[in-house]
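The next block holds one structure in the form of C-alpha cells; read it before the comments.
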Amino acid sequence: VHHLCAFEPSANMFPMLQKKFSGDDRVDTFNEFFEHASTRFASAFDAIVYVNVLEHIADDRLTLTHAYNALKDGGRLLVFVPALKFLYSELDRKVGHFRRYTRDELVDVVESAGFTVDRANYFDIAGIIPWYLAFVLMKKTTNEANVTLYDRWVVPLMRRVEDVVKPPIGKNLLLVAHKP
C-alpha cells in the first residue's frame, strides 16, 4: 500500500480507526462521510473499497457517483454487502441497514454510477438458513460467540468449496468493478 485514506463517519467508531493507524504515515484517517470529502479527491484514488458500507447509505447511487469521480481512470471499486431481501431482519434495521441487495440490484446501482462491473458473486450460501432462522424467524441478535464459532469453522470450509463451485445464491455479495 502506497497510501491509504480511511473514512469513518461514526463519532464512536472513529477513535478506534484513528488508534489502529496512529503512527503509520502511509494512512490518513477522516472522521467524515467519504461523499462529503470526495470533491477534494477528484481522480485521486487507484481503488475504493466499501466493506459493509453501502447498505447503511440511503442514496447509494449518489455515493457511488462520488466514488466514480474520486477514482482515476481504470481505478477499481470493490464492494462487499449483505444479500437477499428475505434475510432482512430486525438486526439489519437496528444496525442501520437500509437494504440487503440482490446481485442484479447491486450491479444496476454500480453501473448507473458509470462503472463497468467485472464480477459480482454471491457467497456464504451456508449462512442463509442459520441467518433466516435466528434473525428473521426468531428475531434474535448476534453475539460474539456465535460469530466467532461460525467464522472459525464454517467460513474457512465454505471459502474452499465456493472457490471451486460458485454458489447461485448467498448471504453476501462481492462485486469488483472499474472506472473505464
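Here are the numbers for this structure:
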quantity: Most fluctuating residue given options THR116, THR148, THR63, as computed from a GNM of the chain linking Cα atoms under 10 Å; calculated: THR148
quantity: Simple label model, 7 Å out from Cα along Cβ direction - GLU90 to ASP151, nm; calculated: 2.5 nm
quantity: 3J(HN,Hα) from dihedral phi, the range 48-57, Karplus parametrisation 6.51/-1.76/1.60, rounded to Hz, x for glycine, proline; calculated: 10, 10, 10, 10, 6, 10, 4, 5, 8, 10
quantity: Listed peptides 40-46, 170-176, 127-133 by packing density, highest first (mean Cβ within 10 Å); calculated: 170-176, 127-133, 40-46
quantity: Modelled FRET efficiency - R0 22 Å, ASP104 with ASP163, Cβ distances, 0.05 increments; calculated: 0.40
quantity: Solvent-accessible area, 1.4 Å probe, carbon plus sulfur percent, for the chain; calculated: 59 percent
quantity: Long-range lysine pairs (8 or more apart or interchain), the chain, Cα under 22 Å; calculated: 11
quantity: Rounded tilt (10° steps) of 60-70 against the dominant C-alpha axis of the chain; calculated: 40 degrees
quantity: In order through the range 4-18: 3J(HN,Hα) via Karplus (6.51 cos²θ - 1.76 cosθ + 1.60), integer Hz, x for Gly, Pro; calculated: 10, 10, 10, 10, 9, x, 6, 4, 7, 8, 4, x, 5, 4, 4
quantity: Area accessible to solvent at LEU62, 1.4 Å probe radius, in Å²; calculated: 90 Å²
quantity: FRET E, pair ALA58, ALA11, Förster distance 25 Å, beta-carbon r, rounded to 0.05; calculated: 0.85
quantity: Using alpha-carbon coordinates, inclination of helix 103-112 to the longest axis of the chain, degrees; calculated: 10 degrees
quantity: The chain - percent relative contact order, Cα under 8 Å, separation 6 or more; calculated: 25 percent
quantity: Long-range amide H partners of LYS140 with built H, under 5 Å; calculated: PHE135
quantity: Residues with amide H under 5 Å from that of ASN172, placed H, sequence gap 5 or more; calculated: ALA83, PHE123
quantity: Solvent-accessible surface ranking, highest first, for VAL161, VAL136 at 1.4 angstrom; calculated: VAL161, VAL136
quantity: Two-site label geometry, PHE21 and ALA37: point separation in nm, points 7 Å out along Cα→Cβ; calculated: 0.7 nm
quantity: Correct choice for P(r) over Cα pairs in 10 Å bins from 0, in percent that was computed from the model, options [x] 7, 20, 16, 9, 7, 6, 6, 6, 6, 7, 6, 4, 0; [y] 9, 32, 35, 22, 2; [z] 9, 36, 41, 13, 1; calculated: [y]
quantity: Solvent-accessible area per residue for the chain (1.4 angstrom probe, square angstrom); calculated: 60 Å²
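The values are calculated or read from the model by the stated rules, or taken from the named source; none is laboratory data. Small disclaimer: the values here were computed from a predicted structure and weren't measured. Positions of Cβ are backbone-derived with ideal geometry, glycine not excepted, and every protein chain shown enters the neighbour counts. Accessible surface areas use protein heavy atoms only, side chains included; no ligands, DNA or RNA. Shrake-Rupley method; radii C 1.70, N 1.55, O 1.52, S 1.80 Å.
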